[in-house]
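Structure, as structure tokens:
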Amino acid sequence: MTAEPASIIGASVERLEDRPLVTGRGRFAGDVSFVHQLHMRIVRSAYAHARLKAVATEAARALPGVVAVWTADDIADLSPIDFREGPNEKLAPFRQPVLAREYVRYAGEPVAAVFATDPYIAEDAADLVTIEADELDAVIDASIPASEFTAGLTTEPTVCRQGYGDVAAAFREAANVIDMDLSVGRHSGVPLETRGAIGHYDAARDVLELHGAAKVPHKNREAMARMFGRSTAGVHLYEGHVGGGFGVRGEIYPEDILVLVAAMRLGRPVKWLEDRREHMIAANHSRQQRHRIRAAVDAQGRLIGIDDAFFHDQGAYIRTHGTRVADTACGILPGPYRLPHYRVDAHFRLTNKTPAATYRSPGRYETNFVRERLMDAIALKLGLSRIEVRRRNLVSPEEMPYERPLVALGDEVVLDSGDYEGLLNKALERCEWDRLEREAAERRKAGEYVGLGLAMYVEKSGLGPIDGARVNVHTNGDVEVITGGASVGQGFETVIAQVCAETLGTDYRRIRVVHGRTDRIEYGIGAHATRATVMTANATAVAAGKVRAKALDMAAQLLQTEPSKLTIRDGRVVNSDGSDSAGMPLGDLAHHLRPLSSTRGEREPGLAAEGWFTTSHMTYPYGVQVALVKIDPGTGGVHIEKMLIAFDIGRAINPMLVRGQLVGGFAQGLGGALFEEFQYDERGQPLSVTFADYLMPTAHEVPEVDVLIAEDAASTTNPLGIKGAGEGGIAAVGAVIASAVDDALGGKGLITQIPITPQALKAIIDGQKS
Amino acid sequence: MKPASFSYHAPTSVDEAVALLAEFGPQDGRVLAGGQSLVPTMAFRMARPPHLIDINGIAELAALTVSAGVITIGACVRHAAFDSDILPGRTGDLLRKVVQNIAHYPIRTRGTFCGSVANADPASEWCCVTAALDGIVVLRSQRGVRRVPAAEFYQGVMATAVEEDELVVAAELPMLADDTRTGFVEFSRRKGDFAIAMALVTYRLENGAMIEPSVAIGGAESHPRRLREAEDVLRGQKPGGAVFAAAAEAAAAAIDPMADFNNTAAYRRGLVRTLTQRALESAE
Ligand SMILES: Cc1cc2nc3c(=O)[nH]c(=O)nc-3n(C[C@H](O)[C@H](O)[C@H](O)COP(=O)(O)OP(=O)(O)OC[C@H]3O[C@@H](n4cnc5c(N)ncnc54)[C@H](O)[C@@H]3O)c2cc1C
């Protein structure tokens, strides 16, 4: 490819997707309506655990405007909701039924569905449905001994195990052993837009449509087609604007299945919008784990081995992800450090709480907290600085690619590239660590509770194995890129347009990016696991490269020259040496390539091409986070005085968007560190069902974040050299805030769980004083 | 999150409003003021009033007046009225200081002072203000007018002296003397949340010693109230760290704190100690 004067890759250009969003003309699930549609309301269990005796629906059915009320018996032919990666015999008994039958296992579980002509009537009718049940004891702690799930099955469906080396020997030879009990609270993605699903059966085309789809439309289409026994050609998913995804939106939930089945059986479109309270008890929770972890360390503070047993609180059922979060946690826990011996047992436990799955940086937010607490504890035990102990353990650039006999997201862990110590140095310099540390110590001496924290981590991104895209130049010169990617608001359209523009030599604003529609492209990976940019952008570059070649070839014939003497600038094919100023617009070339064109010759019709990108491994960006905090000893409140995120993503396509991802992620991470928690009482009743009890950080609580984007270690797994940025902001926030708060308390390893509450801090401080 | 159905009434005079209340109050009909507490509970269907009596169209309730040393806050005066400096004197300064802690600005443009008083959330700042300043709540029904002192008005968590046919038409606060010092501090996990505890103090100085001290605590107990025990510590003393600490200690000892899932009684007691001391230290 000829180097163009100003590369658009790397430019912080404005987002293409903002106009409808900032002018209030976007299309979210709530904006989608069909004539004659019905509205669905779900009747949810008030019990955390009970044996169902009867569900009385007569009164609800009798209400004018109610068209149907379904319980499990009405959809007895539907299987429980399946796993995304296909059938799994061992886990199958623990899947969630679309509507509860026989047992209810969490407060909020769907028991009945009401379909009515308007949403008010649907809600009135739902109130009239009564559930008769015998309440059973609720399991709310995943770390107590497993109990019975149902006859012959326990609440521990599986133990995920990974590891290598000889852990027993590691502990025998260790000079020091560090032992910790660390917990991460239950919290999750709480997007501004709650879930929504509109089912529409188009009898004229025999197509079943789901509107309000997000994240993984193509995969969900396959799973739904399987559940309904339909061909994938007769099921289509449509993604509109998505007001935040974060992992929880776009999974297949009972409500998605219900609107589709009802649309077919009732013969009318069916709309469902989740309300906030429902979101808090029905959409996937995440994060809750308790780790009992031990580290074997040599006399210099080098890790010899880690032995971890953790309890993963999955909630009531195993949802579409199967055991993915626990597996990822096992595979990613060692982070950026050399670890000769390793053993981890993840006790995958069911409790009587809302089922859990992925939330932005799943398995890493948790294990970064655990591992970095451990590293701080090693430093404390050996009397080393927290920086030094990390330096002694970091994998070095010379060791890259660094293979670990571990698996994360079904992919062998091969750290592709990175200079971890280099980024550490940059981060320390940027925040003036030595000065901050000195000042914090002085202020502590003067009686303030000020602390400095640091966390290092390796992220993962670009889960493969393959993605494709189609690039099509229209005769007016506009370009369409048709992808199977999805947009959850992250700026997908803009970055894909930038990559296409770079290759094609055209203005990125003339490029439309299609995503989230199964009717426009046969395959797609959607947007999850920080893969959209890595996978779809590389596929787009391949497709755009082919279109470019075709354009040059066509132009060369028309201009009677060689393609190698041509290039594309501003959407025109011109001589690379600059000798011809006018050039041929891409639109004209598209015209020459029409099926009926006489100049097309033997070429395939259309200035269009499909491109595929395949990768064998994920790519691993990495980061360093630094926080300076101050605790108010009188209240236990925490104030963040300074925050730095240094993150190496190989190559930033749009630094402004990368920044946005990192800062936005940080805000969410702060929620898990200090504020957000789905709490339950001892009977399993959810206590955090509104924004008054589930505390999301607001603009007041989120500090200014200094962002250092590094591009020192390009990915070796893809031609563009990019690594994903979607989860790098959030991944280590629990870790870094815990480290800083602990330091403020004197660096004694007192912080062993997140979220850290003012009440807990005040108790510690009052205890220290007396 | 759709409310259950209800009948909507929009009276344009207090007479009309109390007539409606006489009829519908006994059937759990409710007054709709700013709606910032009532409407969310209706959306959750925790409240299902069959009748709503919307007082927002009653012009005579919109007045905020000062006369003869008394500030009269009509039932339709919004929180946001106190964000600006329309109220003179030390009471005006205090209300301006306090209002910043009530929710967020958009909510303050709807929610009303008297709605907060009628709603009587334990952590309502206005309830704490009326308690600290010995305000008076003016109630009207077809049976007549009642003027209830704050100390008798608040009776428990969201429980007040208001009868089902009564409308809170106004709250009255005294104009504090120009040399009054006031301090207000609260703690909540996020800005704008209902406080876990708050302290409001006022006092004047005579020959360097504190007189007419008022120490009111909100959020920590079922309703805000003045704590004589703490006031007794201050009265007649010179302001200073040691006496403030002793008063804070007395306040902490005098209360019977509520406990909830996230805040133990011990934590609330500790907060009251901290906040009382800080309110005293920051009083100006
Ligand atoms: C996100 C959020 C945060 C908040 N934070 C705070 C906070 O920090 N501090 C705080 O104090 N408040 C807070 N609030 C509540 C807010 O201040 C409300 O405005 C206030 O509690 C009630 O006032 P209102 O005018 O909105 O009353 P409404 O909601 O209309 O009514 C509340 C209740 O009082 C009754 N009522 C209202 N007016 C009268 C009257 N004149 N006579 C008889 N009965 C009446 C109603 O019938 C109803 O039962 C918050 C609200 C929200 C939504």
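Side notes on the structure shown:
- Each Cα pair under 8 Å and six or more residues apart adds its separation to the average, and for region A:602-697 the resulting relative contact order is 17 percent.
- Amide H contacts under 5 Å for B:ARG30, placed H, 5+ residues apart: B:HIS51, B:LEU52, B:ILE53
- Shielding by partners, peptide A:756-762 (average Cβ within 10 angstrom, other chains): 4
- Listed residues B:THR112, B:THR160, B:THR202, most fluctuating in chain B (Gaussian network, C-alpha, under 10 Å): B:THR160
- When you filter the trypsin sites (Lys or Arg not before Pro) in region A:90-178 for DSSP loop state and at most 14 other Cβ atoms inside 10 Å of their Cβ, you are left with A:LYS90.
- Taking every alpha-carbon pair under 8 Å whose residues sit at least 6 apart, region B:183-282 reaches a relative contact order of 29 percent.
- Listed residue (B:ILE73, B:GLY92, B:MET158) projecting farthest to the positive dipole end of region B:60-174, Cβ model: B:GLY92
- Annotation for region B:27-51 versus region A:234-261: alpha-carbon center distance of 33 Å.
- Taken about its Cα centre, region B:183-282 carries a charge dipole of about 220 debye when Lys and Arg each add +1 at the Cβ and Asp and Glu each add -1 at the Cβ.
- Surface exposure of region B:7-54, expressed per residue as accessible area with a 1.4 Å probe, stands at 44 Å².
- The relative contact order of region B:7-54, computed from alpha carbon pairs under 8 Å that lie at least 6 residues apart in sequence, is 56 percent.
- Helix B:265-282 vs. chain B, principal-axis angle (Cα, 0 to 90°, nearest 10): 70 degrees
- Value of [θ]222 nm, deg cm²/dmol, for chain A, DSSP H segments ≥ 4, -39500 (n - 2.57) each, nearest 500: -8000 deg cm²/dmol
- Taking the Cα centre of chain B as reference, the dipole from Cβ charges on Lys and Arg (+1) and Asp and Glu (-1) amounts to some 740 debye.
- Here the simple spin-label model places points 7 Å from the Cα toward Cβ, and for A:ALA175 and A:LYS769 these points are separated by 4.0 nm.
- Part-to-part distance (alpha-carbon centres) for region B:225-262 and region B:85-156, which is given in Å: 22 Å
- The antiparallel fraction among DSSP beta bridges confined to the protein assembly as shown stands at about 80%.
- Nearest-0.05 FRET efficiency for A:GLU412 and A:LEU596, computed from C-beta distance (R0 56 Å): 0.65
- Burial of accessible area (probe 1.4 Å, heavy atoms of protein chains only) in region B:1-16, relative to its chain alone, reaches at least 40 Å² for B:MET1, B:LYS2.
- For chain A, accessible area per residue (1.4 Å probe, heavy atoms of protein chains only), Å²: 36 Å²
- Electrostatic dipole magnitude of chain A [Cβ: Lys, Arg +1; Asp, Glu -1; Cα centre; debye, to 20]: 360 debye
- ³J(HN,Hα) computed for each position of region A:162-169 - Karplus, 6.51 cos²θ - 1.76 cosθ + 1.60, integer Hz, glycine/proline x: 9, x, 6, x, 10, 5, 4, 5
- 3J(HN,Hα) along region A:67-75: 9, 7, 10, 10, 10, 3, 4, 6, 10 Hz, from the Karplus curve 6.51 cos²θ - 1.76 cosθ + 1.60 with θ = phi - 60°, whole Hz, x for Gly and Pro.
- Solvent-accessible area per residue for region B:60-174 (1.4 angstrom probe, square angstrom): 38 Å²
- Other-chain or far-sequence residues with amide H under 5 Å of A:TYR622's (modelled H): A:GLU459, A:ASP648
- When the GluC sites (Glu not before Pro) in region A:669-699 are filtered for DSSP coil states and for at most 16 other beta-carbon atoms within 10 Å of their beta-carbon, the remaining sites are A:GLU682.
- Chains A and B together, accessible area buried on both sides, 1.4 angstrom probe, square angstrom: 2300 Å²
- FRET efficiency for A:SER33 and B:VAL39, using Cβ-Cβ distance with R0 set to 22 Å, rounded to 0.05: 0.35
- Applying 0.36 nm per residue to the separation of A:ARG683 and A:ALA56 and subtracting their alpha-carbon distance, the gain on full extension is 223.3 nm.
- Inter-part distance, region A:125-186 to region A:413-473, computed on C-alpha centroids, equals 31 Å.
- Peptides B:8-14, A:300-306, A:368-374, ordered by how many other C-beta atoms sit within 10 Å of their residues on average, highest first, read A:368-374, A:300-306, B:8-14.
- With each label modelled as a point 7 angstrom along the Cα→C-beta vector, the A:ALA151-B:ALA59 pair spans 7.7 nm.
- Nonpolar atom fraction for the protein assembly as shown, defined as the carbon and sulfur part of the 1.4 Å probe accessible area, stands at 50 percent.
- Per-residue mean of foreign Cβ neighbours for A:694-706 is 2 (Cβ atoms of other chains, 10 Å radius).
- In nm, spacing of pseudo-spin labels at B:GLU212 and A:ASP77 (7 Å Cα→C-beta vector): 8.1 nm
- Here the 3J(HN,Hα) profile of region A:591-597, calculated from phi with Karplus coefficients 6.51, -1.76 and 1.60 at θ = phi - 60°, is 4, 5, 9, 4, x, 8, 5 Hz, Gly and Pro shown as x.
- FRET efficiency estimate (nearest 0.05) - Cβ-Cβ, A:ARG338 to A:ARG443, R0 30 angstrom: 0.30
The values are calculated or read from the model by the stated rules, or taken from the named source; none is laboratory data. Please read all numbers here as calculations on a predicted model, not as lab measurements. In this analysis, Cβ positions are derived from the backbone assuming ideal geometry, glycine residues included, and neighbour counts consider all displayed protein chains. All accessible areas refer to the heavy atoms of the entire protein, side chains included, with ligands and DNA or RNA removed. Shrake-Rupley method; radii C 1.70, N 1.55, O 1.52, S 1.80 Å.
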